[in-house]
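For reference, the structure discussed in these notes is given below.
The values are calculated or read from the model by the stated rules, or taken from the named source; none is laboratory data. This is a predicted model, so every value here is computed, not measured. Cβ placement follows ideal geometry from the backbone for every residue including glycine, while neighbour counts extend to all protein chains displayed. Protein only, heavy atoms only, side chains kept; ligands, DNA and RNA dropped before computing areas. Shrake-Rupley method; radii C 1.70, N 1.55, O 1.52, S 1.80 Å.
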Amino acid sequence: MAIKKKLLLFFASIVTGSTAAILPSYAAIFSASQTYLKLDNFNKIPQDVGVFYEDFNSKTISDKGKGAVQAKLDVDSIFKAEDSLVFAQSNIQSQVLGQGSDYLGDLKISSRLVSKFFIEAEQQFSFDFTAFLGLVNAIERGQDEAASTYAAVSILLIDSINRTAFDSFNLFANLNTDLTEISDSDFFSFTPGNNFRLNQVSELPLLGGTQESYQVLVQGSFQRYFPENTQLTLVAVTRNKSCGESSKKLNICVKVSEPSNRFALIGLLGLSSVLLLRRIMKQIV
């Protein structure tokens, strides 16, 4: 309960603090995405751990004198394994804020928490997890304005030798806010694997109109029995994207199509291609 209140209050402060200051006075767009993931209470000590960032892209365009746009990214990820203390945590927030006219802001990033374990024959492997997604879009009255944001958390357990997946957990949310759209274009996807036990699933959707938001919190545990010696790789991925544009002529904030059931498997097996960044990106303008 304490984790839930902390996350929801923190996300609420981002939404109200950012949108209330700009929306009433003049045309503005706000798009924000937050992913939070925590893995803890591991019953095994990993052989190796790592934190990776990839697929980072920031684009801001504005016509001087007509509009201004800002893209902001906060990243805080760690995978710690010291003696019996093992936990992983990732908290990533992306925001795009624009005002005036003739501007575009687009920001996205992915993170990976990776660990390797050796599981002896006839042993269990288990851990607890908390996953949270928070999204918000807000536009003014212009028919040309559009905002699109998504957030995703995926957990994949892989046989390190055969490169096959044992199990996966996928949580995805996407908001598309566009006054010219007649049909509902927001969607959400949740597919926990057979070995994931859920203790709590709660959501708060506020959809439709010029201001939309969605929050979902999932808490539970993973447990699986291994009859043979197994080299196991655990990969946890978060994805964030925020985009806002005052003119759809650029067509940058395109709608994200609904993911298939293989969403978490895309790119996760090719771990050699990820880019390791040892710095925390604070703000991109």
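The lone criterion from (1) among the hydrophobic types (A, V, I, L, M, F, W, C); (2) within 19 Å of the chain's Cα centre (by Cα); (3) modelled with pLDDT under 90 left unmet by VAL216 is number (3). Can you spot a residue in the range 145-166 that is open to solvent by 10 Å² or more (accessible area, probe 1.4 Å), among the polar types (S, T, N, Q), more than 18 Å from ALA32 (Cβ to Cβ) and in contact (Cβ under 8 Å) with a residue 40 or more places away in the chain? Taking every residue of the range 145-166 in turn, at least one turns out to be open to solvent by 10 Å² or more (accessible area, probe 1.4 Å), among the polar types (S, T, N, Q), more than 18 Å from ALA32 (Cβ to Cβ) and in contact (Cβ under 8 Å) with a residue 40 or more places away in the chain.
When LEU23, LEU107, LEU7 are checked against the criterion of being of a type outside the set (Val, Ile, Thr), within 30 Å of VAL235 (Cβ to Cβ) and at pLDDT below 90, a single residue qualifies: LEU7. With respect to (1) modelled with pLDDT of 90 or more; (2) under 17 Å from the mean Cα position of the chain (by Cα); (3) not in a strand (DSSP E or B), the lone exception for ASN194 is condition (2).
Considering every residue within the range 240-260, establish whether at least one is closer than 21 Å to PHE87 by Cα and either at pLDDT 80 or above or part of a helix (DSSP H, G or I) (or both). No, there is no match, as no residue in the range 240-260 is closer than 21 Å to PHE87 by Cα and either at pLDDT 80 or above or part of a helix (DSSP H, G or I) (or both). As for the range 168-179, it holds at least one residue that is open to solvent by less than 40 Å² (accessible area, probe 1.4 Å), among the hydroxyl-bearing types (Ser, Thr, Tyr) and in contact with a Gly (Cβ under 7 Å, 6 or more places away or on another chain).
ALA165: assigned to a loop (DSSP other than H, G, I, E, B) and over 17 Å from the mean Cα position of the chain (by Cα), yes or no? Even if it seems obvious, please write down each step before you answer.
Values: assigned to a loop (DSSP other than H, G, I, E, B): no; over 17 Å from the mean Cα position of the chain (by Cα): yes.
No; evaluated as a whole, the condition is false for this residue.
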